[in-house]
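Written below as structure tokens is the structure these notes are about.
The values are calculated or read from the model by the stated rules, or taken from the named source; none is laboratory data. As the structure is a computational prediction, the values presented were derived from the model and not from experiment. Ideal geometry is used to build each Cβ from the backbone, glycine not excepted, and the neighbour counts take in all protein chains shown. Heavy atoms of the whole protein, side chains included, go into the accessibility calculation; ligands, DNA and RNA do not. Shrake-Rupley method; radii C 1.70, N 1.55, O 1.52, S 1.80 Å.
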Amino acid sequence: MSRVVRRFPVALAVPLVLVAPLALTAGCGSDAPPAPAASATARPSGPAPSAGSASPSPSPTGDPAERAAAAVRRMTDADLAGQVLMPYAYGNDATRVDAASIAGNRQIGGVDTPAQMITKFRLGGLILVGFSAQDPTGSTNPTTNVENPEQVRTLTAGLQQAAAGLPSGAPLLIGTDQEYGVVTRVTDGVTMLPSAMGFGAAGAPRLTETAWHAAGAELAAMGINLDFAPVADTLGAQGSAVLGSRAYGADAKANAEQVAAAVRGLQSAGVSAALKHFPGHGHTTADSHAELPVVEQSMKAWKNQDRPPFTAGIAAGADVVMSGHLDVKALDPGVAATFSHKVMTDVLRGQMKFTGVAVTDAMNMAPAKKWSPGEAAVRALNAGNDLLLMPPDLIAARDGIVAGLADKSLPRSRLEEAVTRILTLKFRRAGAEQPELSTVNSAEHQQAARAAAAAAITVLRGSCTGPQLGGVAVTVTAARGREVARVALVKALQAAGVEVHASGGKIVHLVGYGDRTTDLRSDADVTVMMDTPYLLSAARSPVLIATYSSSPASMAALADLLAGRADAPGRSPVAVSGLPRSVCRT
């Protein structure tokens with residue numbers, strides 16, 4: 001794989017406080033927004049030292065933890081507060097944004113551009129977001145600032161340039177939710193892996209690790225150094241609507257192997273993995289985006305079902321663990337895990353020995369908005385979180401942290417501990433070579449995705465050998481909103497030598513995420529579920545197939561099966577009422 005030596009900027013001579021023209025005084029919440037832009041674009045001027053900052057001093061080299069501790073000793077209260085904040089911003093460029101993006105950024109933090117947000121708040125990180133209507137996390141992603149690999153790489157380079165002069169002397173953490181399946185932020189021009197449940201159906205950790213290494217290399221090429229994946233939740237008997245195919249399955253031991261493989265793959269490519277949603281979101285049907293889910297399991301059940309994948313991910317070296325907005329009765333009844341010292345410190349740190357960075361789930365979700373942004377920030381930090389994701393009001397969150405230091409409700413030692421962990425991770429990952437953009441969607445990566453998708457294909461009813469449709473012409477139909485997948489399957493079938501007619505052939509009907517029994521066809525010869533396979537229990541087709549994903553690789557693997565060119569080695573990682581896990585594999 002060809003590479004260019006492009007390293008994340010790490011300052012060796014670090015001024016204590018360098019901020020953009022929107023300079024702030026620590027603890028002051030009256031930051032005035034910049035003057036309105038004369039046009040639909042905005043550019044920040046270069047950073048300048050703020051009044052009262054200490055003299056520049058060299059940043060130590062060598063051990064990342066020592067460098068982090070030295071940097072923390074030189075930081076002001078506002079510097080420390082900024083490092084634990086990881087908001088989103090509006091705009092697809094660091095310094096040139098349209099009028100709508102300016103309005104959005106002013107609402108979040110009183111700035112025009114993402115670059116200004118970084119320098120004003122001395123941010124530790126920024127999350128790249130993308131709204132999609134068919135996304136269970138869409139409510140926390142009100143905008144989209146990722147379009148394609150070239151644009152993302154330009155954006156992240158600009159963000160790192162803005163962060164280069166910050167007091168931390170460390171690069172910016174740039175994260176995103178690239179889970180694949182229904183939660184995938186960058187979709188255009190990248191290698192699309194199957195969903196997590198697809199990997200669970202394949203049951204081949206080696207394929208998982210290879211595919212996630214490819215994913216990590218592509219994220220690194222785009223300048224993303226933190227992926228909020230893999231999902232380490234184990235699905236309960238009733239499933240979980242908000243998780244679904246985002247989880248590997250219902251078997252904790254199998255999930256643990258998959259999670260560890262995904263962590264190894266991502267991080268071997270230089271991208272930090274984040275296990276989510278600790279201590280486990282799979283045994284509730286409620287959606288933590290809208291309410292506080294209650295997890296009723298006993299302690300024994302939690303240890304046997306929810307804990308193992310997180311334990312395995314930590315053992316594999318996961319850099320980050322994300323807390324869930326979950327009321328886990330066995331651990332701390334009545335308290336959301338994100339705000340629970342028992343969960344985030346006593347259990348995660350004390351019992352499970354996690355030493356990396358703990359990040360909250362989005363702070364703009366309903367359970368976290370129970371309090372004001374400032375109070376919520378202090379509560380989350382006191383619980384043991386290090387990084388606060390997507391605070392709804394940056395000024396209020398920052399000021400709440402600084403005020404907490406002043407009135408002692410937030411011990412300075414706790415904040416310094418959090419920032420030290422964050423900076424240690426940054427320094428440890430800093431300086432890695434950035435892959436060339438040509439690695440994105442490469443033939444090698446496509447092959448890794450194809451291998452995983454082919455291993456996932458599961459027949460729950462029908463034949464395991466020969467063409468599923470007897471070699472006759474077929475007609476592909478799909479539930480509403482599945483046209484992209486339908487066209488992909490048509491092309492893949494034609495490439496596999498299958499005759500496809502607009503009508504009159506044997507019907508292959510596609511259904512996917514969010515579809516219901518009304519989206520099924522009673523006359524379909526083959527029904528294919530491209531998400532969780534539960535809906536297949538209501539289908540009457542003589543052939544039932546699960547791909548768990550609508551990715552191009554999954555559609556190509558499905559075409560090979562229908563054409564009789566491949567078998568169906570997958571086994572459903574969740575139980576489907578009235579159907580076997582597979583008719584082809586025990």
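Quick notes on this structure:
- Taking each residue as 0.36 nm, the span from His341 to Thr586 lengthens on full extension beyond its C-alpha to C-alpha distance by 83.9 nm.
- For a straight C-alpha distance cut-off of 29 angstrom, the lysines reachable from Lys329 (same-chain residues fewer than eight places away being disregarded) are Lys253, Lys276, Lys300, Lys303, Lys342, Lys353, Lys369, Lys370.
- Computed with a 1.4 Å probe over protein heavy atoms only, the accessible surface of the range 210-297 comes to 23 Å² per residue.
- Normalised contact order of the chain, rounded percent, pairs of Cα under 8 Å and 6 or more residues apart: 15
- Cα extents of the range 166-305 along the three principal axes, largest first (Å): 44, 38, 27
- By a 1.4 Å probe calculation restricted to protein chains, His213 has an accessible surface near 60 Å², given to the nearest 10.
- Helix-only mean residue ellipticity at 222 nm for the chain, each DSSP H run of n ≥ 4 adding -39500 (n - 2.57), per residue, nearest 500: -9500 deg cm²/dmol
- Where (i) 45; (ii) 49; (iii) 60 are the candidate values, the label of the one calculated here for percent of Cα pairs over 32 Å apart is (i).
- Solvent-accessible ranking of Tyr548, Tyr534, Tyr90, largest area first, probe 1.4 Å: Tyr534, Tyr90, Tyr548
- Between Ser577 and Thr187, the C-beta separation translates, for a Förster distance of 45 Å, into a calculated FRET efficiency of about 0.90.
- For the listed peptides 403-416, 365-378, 177-190, a ranking on the average number of other beta carbons within 10 Å per residue, highest first, reads 177-190, 365-378, 403-416.
- A 1.4 Å probe run over the range 408-498, with the rest of the protein chains in place, finds 43 Å² accessible per residue.
- When each of the peptides 224-237, 74-87 is scored by the mean number of other C-beta atoms lying within 10 Å of its residues, the order from highest to lowest reads 224-237, 74-87.
- Using alpha-carbon coordinates, inclination of helix 99-109 to the longest axis of the chain, degrees: 60
- Against the chain, whose longest principal axis is taken from its Cα atoms, helix 252-268 shows a tilt of about 60°.
- Cα-based helix-to-principal-axis angle, 443-456 vs the chain, degrees rounded to 10: 60
- Förster radius 51 Å - calculated FRET efficiency between Ser503 and Gln351, Cβ distance, rounded to 0.05: 0.25
- Amide proton proximity set for Glu147, modelled H, under 5 Å, gap of 5+: Val152
- Extension gain for Arg73 to Ser298 (0.36 nm times residue separation, less C-alpha to C-alpha distance): 76.7 nm.
- Nonpolar atom fraction for the chain, defined as the carbon and sulfur part of the 1.4 Å probe accessible area, stands at 52 percent.
- Per residue, the accessible area of the range 336-399 comes to 29 Å², computed with a 1.4 Å probe over protein heavy atoms only.
- Label reach from Arg540 (point 7 Å along Cα→C-beta): in the range 508-525, amide nitrogens under 16 Å belong to 509, 517-525.
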